[in-house]
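Taking it in order: structure first as structure tokens, then the write-up.
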Amino acid sequence: MTFAVVYPKDIERLRIEKRSILVDIRSRNDYRDGHWEGAINYPEEDIEDYTKVLLKKRPIIVYCQHGGSSMQLARLLGRNGYDVGSVVGGYEAMRKYKEGKK
């Protein structure tokens, strides 16, 4: 299917327009410490289960702490038929974007 880069400013629009699922691939502890509202936590170490849980018919946006791991995962999922995007800069960029909106 497709692989795309997603900027923090576009996350909410894509979630609404495409009904995208937002997936935080950081550890459970990092997720508990803070995450984007509405994101589900599916740690990267559980990658073997991704294809069993995530549906190819729903667009997916993944993010990690800084963007590198989610970019690799998005490419892998894209090659396997998913419509997937990775957040540029990861949670750090998302957090800075959200703080800038206050």
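The values are calculated or read from the model by the stated rules, or taken from the named source; none is laboratory data. Note that the coordinates shown come from a computational prediction; the quantities given were computed from them, not determined experimentally. Backbone-built Cβ (ideal geometry, glycine too); neighbour counts: all protein chains shown. Remember, those area values only see protein heavy atoms, side chains included, never the ligands or the DNA or RNA. Shrake-Rupley method; radii C 1.70, N 1.55, O 1.52, S 1.80 Å.
Report yes if some residue within segment 31-50 is over 17 Å from Ala93 (Cα atoms), β-branched (Val, Ile, Thr) and more than 12 Å from the chain's Cα centre (by Cα); otherwise report no.
yes
Here are some residues: Arg79, Arg95. Which one is within 20 Å of Pro43 (Cβ to Cβ) and modelled with pLDDT under 95?
Every option except Arg95 fails the conditions.
Quick one: which residue in Gly34, Gly90, Gly81, Gly68 is of a type in the set (Gly, Ala, Ser) and in contact with a strand residue (DSSP E or B) (Cβ under 7 Å, 6 or more places away or on another chain)? Steps first, answer last, please.
Values: Gly34 fails: in contact with a strand residue (DSSP E or B) (Cβ under 7 Å, 6 or more places away or on another chain); Gly81 fails: in contact with a strand residue (DSSP E or B) (Cβ under 7 Å, 6 or more places away or on another chain); Gly68 fails: in contact with a strand residue (DSSP E or B) (Cβ under 7 Å, 6 or more places away or on another chain).
Testing whether each residue is of a type in the set (Gly, Ala, Ser) and in contact with a strand residue (DSSP E or B) (Cβ under 7 Å, 6 or more places away or on another chain) leaves just Gly90.
Report yes if some residue within segment 88-97 is of a type in the set (Gly, Ala, Ser), in contact with a Lys or Arg (Cβ under 9 Å, 6 or more places away or on another chain) and within 21 Å of Ile16 (Cβ to Cβ); otherwise report no.
No, segment 88-97 contains no residue that is of a type in the set (Gly, Ala, Ser), in contact with a Lys or Arg (Cβ under 9 Å, 6 or more places away or on another chain) and within 21 Å of Ile16 (Cβ to Cβ).
Among residues belonging to segment 1-16 that are hydrophobic (A, V, I, L, M, F, W, C) and touching a strand residue (DSSP E or B) at 6+ places or on another chain (Cβ under 7 Å), point out the one that is most open to solvent (accessible area, probe 1.4 Å).
Of everything passing the filter in segment 1-16, Met1 is most open to solvent (accessible area, probe 1.4 Å).
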